[in-house]
1. Restricting attention to segment 55-81, which residues are under 14 Å from the mean Cα position of the chain (by Cα) and in a loop (DSSP other than H, G, I, E, B)?
2. Considering only residues that are closer than 23 Å to residue 59 by Cα, assigned to a loop (DSSP other than H, G, I, E, B), in contact (Cβ under 8 Å) with a residue 40 or more places away in the chain and more than 16 Å from ligand 2 (Cβ to nearest atom), which ones fall in segment 204-225?
3. Taking the condition surrounded by fewer than 13 Cβ atoms within 10 Å (Cβ to Cβ) and either at pLDDT below 95 or within 15 Å of ligand 1 (Cβ to nearest atom) (or both), does residue 62 pass?
Ligand code: SF4
Ligand code: FES
């Protein structure tokens, strides 16, 4: 067992003008998750602490937050990943670029509005085959990693471009657009193009790779954004011919 000091950003919209840090000393094992430490605080020290969680296994995307300045899932971050010795401090903040509703809970409306704008579903008006729309393994592999997105918003919080330009479509949104553009069964390129090929669409990405580093699902987001840009350029060249 070891003791760590979690310094957590607190904000209660009903009484606070601005956020402050509150410290909680918690007894943990190095192999506990940061989510376990937060749950201990919530259960035994301060029931008013606000944070989201659901699956506790890296699947639902609810508990993305900043842990020692990095955007991560609390349920996939072990204590020993962020604190090596007894008494060490761990800083916990809400995701950035989103309004804070309370403590570590942010309003993700802008994230989901952008996500919806790229029509994240299969578009294909061709007659439905008798059995299924066949896809080869190679065709499926073209976008495989992007199907793992859990919509946690960690990549949005990590994105330096969104910090300067909140209207940028953002990393997960473009990666999810790519997920369908690269799907051999999808025919929705033209429908998604006006959202992707505009000044705040794919173009503001400057290849910082912060989204790729932050993604808890190992999605090659920056690579997928660049592939989307190439698809749009290739489409434009075909139009000219
Ligand atoms: S791309 Fe990765 S970091 Fe971004 S929302 Fe999806 S899972 Fe989270
Ligand atoms: S609680 Fe579901 S991803 Fe962490």
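The values are calculated or read from the model by the stated rules, or taken from the named source; none is laboratory data. As the structure is a computational prediction, the values presented were derived from the model and not from experiment. In this analysis, Cβ positions are derived from the backbone assuming ideal geometry, glycine residues included, and neighbour counts consider all displayed protein chains.
1. Correct list: 58, 59, 60, 61, 62, 63.
2. Matches in segment 204-225: 220 only.
3. For residue 62, the condition - surrounded by fewer than 13 Cβ atoms within 10 Å (Cβ to Cβ) and either at pLDDT below 95 or within 15 Å of ligand 1 (Cβ to nearest atom) (or both) - is not met.
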